[in-house]
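Engineer: Can you keep this structure in mind? I'll have questions shortly.
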């Protein structure tokens with residue numbers, strides 16, 4: 001018996017076994033009267049025993065029942081499988097590369113999300129680029145998608161011109177529309193470079209916690225928050241860089257030619273600029289550098305509230 005014959009036997013064996021078992025357990029009628037179902041009747045319709053007139057007719061009826069059983073057992077799943085496959089929508093994909101502004105391939109994390117709200121939870125998907133800066137997202141339903149990139153810290157960049165996280169700041173990347181089953185290839189995502197905004201907070205009164213965890217203070221530390229507002233109206237925070245006995249240093253990469261406003265908030269201190277003027281938590285310090293050299297460090301001093 002070859003492999004095809006064995007496969008067929010396994011596929012048909014179970015239905016046939018149940019069919020024979022059903023036939024063996026069907027009691028013979030004491031008085032046989034009536035007619036056999038016509039061929040026009042449904043092959044899956046129940047068979048009612050009647051008068052078959054002879055043992056030969058009885059055997060023929062049993063074979064007819066067996067044929068109907070096999071047809072229903074094997075044919076119905078195939079039909080339903082075909083219907084399910086026909087109703088499964090084709091999925092698409094998006095593939096491309098991440099490049100620097102001067103055309104270098106970059107190692108980065110690429111995030112894909114729907115460009116517009118969908119009315120139901122749709123968490124973003126993420127992937128990392130390979131050695132050639134390439135990425136791919138598969139099994140995508142039809143829709144319009146947005147891409148953003150976060151370049152790895154290991155990628156070299158000029159000291160005063162870091163890569164900007166355009167998952168945090170507005171991205172100039174155009175949305176990508178994928179139709180059902182469409183494979184969109186050759187997408188190029190350019191990682192923009194910006195400027196470092198350096199912020200120094202002098203703390204002569206030691207109003208800020210002096211003992212800090214290894215990763216620095218919490219991002220939403222109530223004692224001091226440095227909040228940046230972009231043109232999209234959303235808020236970001238400057239990141240803690242280092243501290244010393246006289247204060248702390250913060251920094252954040254901001255995009256060029258983009259209006260950014262800085263706010264200083266503290267639950268324990270009042271902030272003063274280098275001219276001695278108080279910086280209230282409602283004040284905004286504006287920036288819009290055209291080049292990295294246009295951005296000067298920001299310095300302010302903290303004093304305990306009520307003094």
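No lab work stands behind these numbers, since they all come straight from the coordinates. Note that the coordinates shown come from a computational prediction; the quantities given were computed from them, not determined experimentally. Note: ideal-geometry Cβ built from the backbone for every residue, glycine included; neighbour counts use all protein chains shown.
Engineer: Can you give the FRET efficiency to the nearest 0.05 for residue 282 and residue 249, using r as the Cβ-Cβ distance and R₀ = 35 Å?
Structural biologist: Values: r = 25 Å, r/R0 = 0.71.
Plugging the Cβ-Cβ distance into 1/(1 + (r/R0)^6) gives 0.90.
Engineer: Sorted by mean Cβ packing within 10 Å, highest first, what order do the peptides 219-227, 268-276 take? Let's see the in-between values first.
Structural biologist: Values: 219-227: 16.1, 268-276: 14.6.
In descending order of packing, they fall as 219-227, 268-276.
Engineer: Using 10 Å bins from zero, what percent of all Cα-Cα pairs in region 196-304 falls into each bin?
Structural biologist: Here the calculated profile for region 196-304 is 14, 50, 31, 5.
Engineer: Apply the Debye scattering formula to region 82-178, with a single equal point scatterer on each alpha-carbon and no solvent, then give log10 I(q)/I(0) at q = 0.20, 0.22 Å⁻¹.
Structural biologist: -1.04, -1.20
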